[in-house]
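Chemist: Here's a structure for you.
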Amino acid sequence: MRKAISVLLIIGLLSGCSNYRELNEVGLIIAIGIDLPEERESGYRVTYQVINPSYFSQNGSGSLPVINYTVEAETFIEAYRMASVIIPRENRVTHLSLIIIGEALARAGMGLIFDVFERGESRSTFPVFIARDSTAEEVLGVVEPLESNPTKSIISTSENNQKMYAISEAIPIYRAISLLSGEGQNLMLSGVKLSQPLKSENQTANLQNIKPSVVEVSGLAMFKKDQLAGWFDGKFARTAHLITSAVESTSFPLACKGNKNITITTQGIKSDIKTELKPEPALIVNAKIRGNVTELECYLEISNNEEMIKLEKKFEKEAENQIRETITKAQELEADVFGFGKELSKDDPEYWKRHEKEWNTLFSNAEIDVNVEANISNSGMLTDPFKLQ
Amino acid sequence: MPKEKIDGIQLFCLMVLFMFGTAIFLDLGSGAKQDAWIVTILSPITGLLLFAVYYRLYKQYPSLPLTEYVKKILGKYLGSIISYLYIIYFIYIASRVLRDIEELLISSPYAKTSIITLGICMVFALIYAVNLGLEVFARAGVICFAIISVTLFLIIIFYVISDLIHAENLRPVLANGWKPIIKEIFPVNMTVPYGELVLFSMIFPLIKRETKIMKTGSMAIGFVGLYLTINTIVLICILGADLLDRSAFPALAAVGYIQIAGFIQRLDPLIILLIVFLGFIKVGVFFYSAVIGMNNLFKLKPNAFTSYSVGGIICLSSIIIAPSYQSHLDEGLKIVPYTLHIAFQLVIPILLFIVAVIRLKWKEHKI
Amino acid sequence: MFRKHHSHHKRVSKSVHFNIQYLKEQLGDSSDLSVRNLTIAELGHAAIIHIQGIVDEQSLHDNVLSPILAFIHEKRNVHSGKLPEEITQIISVPKIKLLNDWPEVVDNLLGGDTVILIEGHPEAIIAGTKKIQSRSITEPTTQTVIKGPKDGFTENLSTNISLIRSRIQNNKLRIEQTKAGTVTKTNIGILYMEGIADKDIVREVKLRVSKIDIDSILDTNYVEEAIKDNRKTIFPLFQSSERPDVVSANLLEGKIAIIIQGTPFALILPALLIQFFQSPEDYYANYLVSSFLRIIRIGSFYVNMYASAIYLALITHHHGLIPTTLMVTLMAQREQVPFPAIVELLLMELAFEVLREAGIRMPRAIGPAVSIVGALILGQAAVEAGFVSAAIVIIVATTAISSFTLPNPNIVNAARGLRFIFIFAAAFIGFYGIILVSLCIILHLCSLKSVGVPYFAPFSPVRFSDLKDSLIRMGSPSLLKRPTGTNRSNKVN
């Protein structure tokens, strides 16, 4: 008994130094936006999006689901600590699920800001986006009607687009870090922006608008080291993801007659990239695409096998062209965002060691060799389209 | 009723858990970059050789622990000094392992807790365990083994399902030749975890007579080698050689990446479970050996006092052993393996073995 | 035997009058002592003594009084020296004996026998007229089954033994009776199967039973506590059962049963932890179904121990582990709660314990009303008033319901106690505490022994052949062998 009491006493003395926090003492940060500072010379302007729990409780209507706090400070952690100036609760980053970086900051160079997320107690599986042509603060500042908070709407828009068209890909922060730190591949991050500027200061007015201001994914940012170098837009962004096999499903319109199109929806895309030395490096992309004909604006006898083979050839050519164009765009910026250099470093470590420094120029001058193998099958329930009589 | 002795299955489980210890959390062989798995597949062979030496020594004195037969081999005074040093060594390694556990816990789930709190809780549990005796400890080891195997298996399955394994990270093989591999094996990967089996010289006398120790031991070493290799391969595939080398606890980082259907994620409890179970067993075995060593050396009757004091020392020294995790790690990688480990795991046992054989021969000659 | 030489023992005297006086003195002139004086012709004075209420009046009249009165009436010519022998001949009760040691005579009298004293003879005739006061065999109230035998033990030792005899009609069934309890002198039966039960364990059990030194034995728990291996444990080291089929099955596995006069519970020993999760019904139903149900039971045991502690650890230490949506809901719920989470949880747990206790003590008719008021109205109102969060009510209710799946009340009590330890560990240091306490419990279980048999077998020490009937139950062909460890010969004939 004496033993038990002394054990309890010792443990009781220790209880001060523990993790114990009540739920109603913490402020849950779910998103962080990072911009260039406005009021100071250097440092960051950080926007914290904090959950407002009383919105979700039974008698909490009237308030908004999240609150944004913006702080400027010299370093990131200082900003985190400084946030206590305005945030009334102990902030927690354990549920951090989104990082947005303003374009201006991205162009100036992100440096090592991701490092802090790897060290802290937050997880490292949440995605990073670039706020295109705007600041992170703006992008995080819109509550749209369909989703309960801005963070969620950005993530779900991006995920949905990734499934349906693939302009956007949610890159988890650990991948971003390993791309920034690894050699032979540059970083690509998806962009987000507001579809239209917020009309009034009042958030609830936006909610009552039938065409509210919403978050949209827009383009794919290419980086050179830690600096934003340029953007892939629309189709190019999609094709860039096609090269890195990040596409689940997307659609290709093929011109058939005049400005009419046949649309092919792809199902499985598997592409292999390689760099061959002959003796100068050549960039090789081998892609396999399966697809369905899903829309016909002009008449095509698709039950006919020969027609289908023709269509496949046409599709292959179109895809090859797009891939070539996309790579050329990256070559212009000397940003190897696809990882050709990484492949080379694995296949031929000797060569890589010698030419690592000059890889960017080697990359931008390299030949491109694209080879697409298309397989169009199963065109839905119908065989031939109806004829206009 | 007499205490039931340790049987083959229990010995196997205890050895496996002991060697898993902190090894599965550390970046084994990461100096060899993407060839780290070659390190982990080769080092069990050196481990087996060491184990054979410890086993032969035990065979000479089948009823005595290491700290006792040292006196038989080297005479009373020199032997006592050596066995005293061994006890200190055990306590030191126990505190190092405890520090590892504390740092692991601090690194993510317990960021705001002080390490002394974590240490004291663990030591209380350990004192309870040590007072129950190693036989009970070994029996509990079987249960822990089952729980840990299931957990490790689950984690690997999760890695595969969440599509984290990128086999291309393993290439290129042997880009830097054999040199870094050999450098990694000797001495760091030979001593941890295999060389630490020297501790089992304290435990052999508690094992049932009919157990085939050498066979069980080799199986355990083989099993551990196999698992650590799989583990290293998986970690290289997930993190890449670069990150593997950079992160303090690669396994922790990799588990953080698991995300299945937005539902299975945040597997920290599994990690805490692994850390606590494995750490508990490892520190516990060192702790127990130090206690029996001390009781024998100072001719104390088995009592609770020794375990309380040794527990207190382990707990305290785990904190004062190093000012920061970085220096703790540096000691562990650059100083301890080259001095302490080589001395206590390799040089002294081999010397003892040679002396013992010579004595035996001499005795036969005389007769 | 040895002690008797030292203690002073009075013997029955020749004088009937003196004897009656002595008896009255011993029993404090108790009002239920009935003495009937007789004169047997010229042979002299006699007395028939019994205690009202505990003798079988019918038997006393038919088998004792009538023959004696007829004997007096016949006035047979008997040598007075042979009178006691003569009377034992004519009395027609099955049990009859002659005693001259007072304490023994008193014991028998108190046990319900009739004492006959005859002038001039320093002996008492004891006629077995004990009334078997017992309720009829009814369905057991604990360990109920849907399908399977429906009879349960009663408070009567011989009825209980007969229930087992009728199941095991085998000459190897050994029944040894002793008495224990210095005041109550309760009859205790030790049952085992010769040739199946381990001899050493049987000897050990007999030794421990013979060493019991307490005043009274009113239930099996008195014996259990007296002969336990380790008193400092919350786990039940012996199984107790009200079901003759369970006792028989265990006897046939080589276990030992202790049956006690006055309680319908039998003690089965040695017991293993896993036995407390096995319901007799497991063996009366399809093995796949039984295995599933057994896993459910073990699962609910864990839920019962861990659920509230894990919840507490999550909301106080490991916020990061809760999925964000759930986290937001929980935060919203806790926004208005005035207590710290640990206080809130303990309050609800204690409220539940109070309700449970109230439900048992209440008269049967009011019991359900208490649970309705307690669970529905109180819980609902507390949540609406914002005293507690809804999540806590859900957790405590889950914990409570899961405890009802376990077939043995003792193991539920163990889980109950451990639950509070886990709650404190979780409040103090989260999962780390829960895992450390679990480790200590594993170690504790591994150190426990029930009459020398490892309690945590077949898991540790591992017995592969017994694992077939542990967490799951395999089909009968794989259960051909008896469990090891508690018996000697291993083949079922």
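Nothing in this text is a laboratory measurement; each read-out follows from the coordinates by a stated rule. The structure presented is a predicted model; accordingly, all values stated were derived computationally and were not measured. Positions of Cβ are backbone-derived with ideal geometry, glycine not excepted, and every protein chain shown enters the neighbour counts.
Chemist: In what sequence do B:K366, B:K183 fall when counting other Cβ within 10 Å, fewest first?
Modeler: Starting with the residue having the fewest Cβ neighbours, the order is B:K366, B:K183.
Chemist: As a test of the formula, what do you get for the protein assembly as shown when each DSSP H run with n ≥ 4 contributes -39,500 (n - 2.57) and the sum is divided by the residue count, at 222 nm and rounded to the nearest 500 deg cm²/dmol?
Modeler: -15000 deg cm²/dmol
Chemist: How much net charge surrounds A:K313 when only the other residues with a Cβ under 14 Å from the Cβ of A:K313 are counted, with Lys and Arg +1 and Asp and Glu -1? Walk me through the intermediate numbers first.
Modeler: Values: positive: A:K310, A:K314, A:K317; negative: A:E306, A:E307, A:E312, A:E316, A:E318, A:E320, A:E373.
Net local charge, A:K313 excluded: -4.
Chemist: Using unit Cβ charges (K, R positive; D, E negative) and no other charged atoms, how large, in debye to the nearest 20, is the dipole of the stretch C:283-453 about its Cα centre? Don't skip to the answer; put the middle values down first.
Modeler: Details: 9 positive and 6 negative charges, 119 e Å.
Using only the charged Cβ atoms, the result is roughly 580 debye.
Chemist: From the residues C:A309, C:V354, C:A369, which one has its Cα farthest along the dipole of the stretch C:307-377 in the positive direction, the dipole being from +1 and -1 charges on Cβ of Lys/Arg and Asp/Glu about the Cα centre?
Modeler: With unit charges placed on the Cβ atoms, the residue in question is C:A369.
Chemist: Under DSSP H, which helices of chain C have Cα atoms covering 18 Å or more of the helix axis and a Kyte-Doolittle average no less than -0.5?
Modeler: Helices passing the filter in chain C: C:287-316, C:341-361, C:390-403, C:409-447.
Chemist: Now a separate question. Could you work out how much longer the chain between C:L98 and C:S166 gets when fully extended? Use 0.36 nm per residue separation minus the Cα distance between them, nm to one decimal.
Modeler: Gain on extension, C:L98 to C:S166, equals 21.2 nm.
Chemist: Let me ask you something else. So what's the angle, to the nearest 10 degrees on a 0 to 90 scale, between helix B:304-320 and the longest Cα principal axis of chain B?
Modeler: So the helix axis and the longest Cα principal axis differ by about 40 degrees.
Chemist: Now a separate question. Can you tell me how the stretch A:22-232 classifies by the Cα gyration tensor, rounded, prolate or oblate, using a/c under 1.5 as the rounded cut?
Modeler: Note, shape of the stretch A:22-232 comes out oblate.
Chemist: Just to verify a number: FRET efficiency for A:E248 and B:R171, C-beta to C-beta distance, R0 = 25 Å, to 0.05?
Modeler: Numbers: r = 27 Å, r/R0 = 1.07.
My answer for the efficiency is 0.40.
Chemist: For the stretch C:214-266, which trypsin sites (Lys or Arg not before Pro) pass both filters: DSSP loop (anything but H, G, I, E, B) and at most 11 other C-beta atoms within 10 Å?
Modeler: Counting only loop positions with at most 11 other Cβ atoms within 10 Å, the trypsin sites (Lys or Arg not before Pro) in the stretch C:214-266 are C:R231, C:K232.
Chemist: Please give the Cα centre distance for the stretch A:138-180 versus the stretch B:303-329, rounded to the nearest Å.
Modeler: Using only Cα atoms, the two centres lie 48 Å from each other.
Chemist: For the stretch A:266-347, state which GluC sites (Glu not before Pro) are in a DSSP loop and have at most 14 other beta carbons lying within 10 Å of their beta carbon.
Modeler: A:E301
Chemist: I've got another one for you. Counting only chymotrypsin sites (Phe, Trp or Tyr not before Pro) that sit in a DSSP loop (anything but H, G, I, E, B) with at most 15 other Cβ atoms within 10 Å, what is the longest stretch of chain B containing none of them?
Modeler: Numbers: sites that count: B:W178, B:F263, B:F298.
With a cap of 15 other Cβ atoms within 10 Å, the longest stretch comes to B:1-177.
Chemist: Compute the signed sum of charges (Lys and Arg +1, Asp and Glu -1) over the other residues within less than 15 Å, Cβ to Cβ, of C:F422.
Modeler: Its environment carries a net charge of +1.
Chemist: Shifting gears a bit: Evaluate the charge dipole of chain C about its Cα centre and quote only its size in Debye, nearest 20, assuming +1 on the Cβ of each Lys and Arg and -1 on the Cβ of each Asp and Glu.
Modeler: 1320 debye
Chemist: Where does the charge balance sit around B:K33 when Lys and Arg score +1, Asp and Glu -1, over other residues with C-beta under 9 Å from its C-beta? Provide the component values of the computation, followed by the final result.
Modeler: Values: positive: none; negative: B:D35, B:D242, B:D245.
Spelling it out: positives minus negatives among the neighbours equals -3.
Chemist: Within 10 Å of each residue's Cβ, count the other Cβ atoms and sort C:S59, A:S271 from fewest upward.
Modeler: On the way: C:S59 19, A:S271 22.
Going from sparsest to densest Cβ surroundings: C:S59, A:S271.
Chemist: What's the longest uninterrupted piece of chain A once you rule out the chymotrypsin sites (Phe, Trp or Tyr not before Pro) that are loop residues per DSSP with at most 15 other Cβ within 10 Å?
Modeler: Working: sites that count: A:Y299, A:F386.
My reading of the result: A:1-298 is the longest stretch.
Chemist: Along the Cα→Cβ direction, 7 angstrom out, place labels at A:D347 and B:E4. What is the inter-label distance in nm?
Modeler: Each label point is offset 7 Å from its Cα along the Cβ direction, giving 6.2 nm.
Chemist: Can I ask one more? For the stretch B:1-123, just the Cα atoms, rotate onto the principal axes and tell me the three extents in Å, largest first.
Modeler: 49, 38, 36
Chemist: Can you give the charge dipole size of the protein assembly as shown about its Cα centre, rounded to the nearest 20 debye, using +1 on the beta carbon of Lys and Arg and -1 on the beta carbon of Asp and Glu?
Modeler: In debye, rounded to 20, the protein assembly as shown gives about 5480.
Chemist: Something else about it: Compute the FRET efficiency between B:I320 and B:K183 as 1/(1 + (r/R0)^6), taking r as their Cβ-Cβ distance and R0 = 35 Å, and round to the nearest 0.05.
Modeler: Numbers: r = 31 Å, r/R0 = 0.89.
Efficiency for this residue pair is about 0.65.
Chemist: Can you compute the modelled spin-label distance between A:A104 and B:L329, with each label point 7 Å from Cα toward Cβ, in nm?
Modeler: Each label point lies 7 Å from its Cα, and together they span 3.7 nm.
Chemist: Hey, fewest Cβ within 10 Å first, where do B:K282, B:K299, A:K152 land in order?
Modeler: B:K299, A:K152, B:K282
Chemist: Compute the long axis of helix B:348-366 from its Cα atoms, compare it with the longest principal axis of the Cα atoms of chain B, and write down the angle in degrees, 0 to 90, nearest 10.
Modeler: 30 degrees
Chemist: Which FRET efficiency, nearest 0.05, do C:E225 and B:K366 yield, Cβ-Cβ r, R0 45 Å?
Modeler: 0.15
Chemist: Cut-off 12 Å, label point 7 angstrom out along Cα-to-Cβ of C:E176: give me the residues of the stretch C:205-240 whose amide nitrogen falls inside.
Modeler: C:205-211
Chemist: Go through the stretch B:176-277 and name the GluC sites (Glu not before Pro) that are in a DSSP coil and have 13 or fewer other Cβ atoms within 10 Å of their Cβ. It would help to have the intermediate numbers written out before the result.
Modeler: Working: sites: B:E184, B:E196, B:E210; in loops: B:E210.
Qualifying residues, ordered by number: B:E210.
Chemist: Then there's this: With labels modelled as points extended 7 Å from the Cα through the Cβ direction, what inter-label distance (nm, one decimal) is found for A:A205 paired with B:Q60?
Modeler: Simple spin-label model gives 9.3 nm for this pair.
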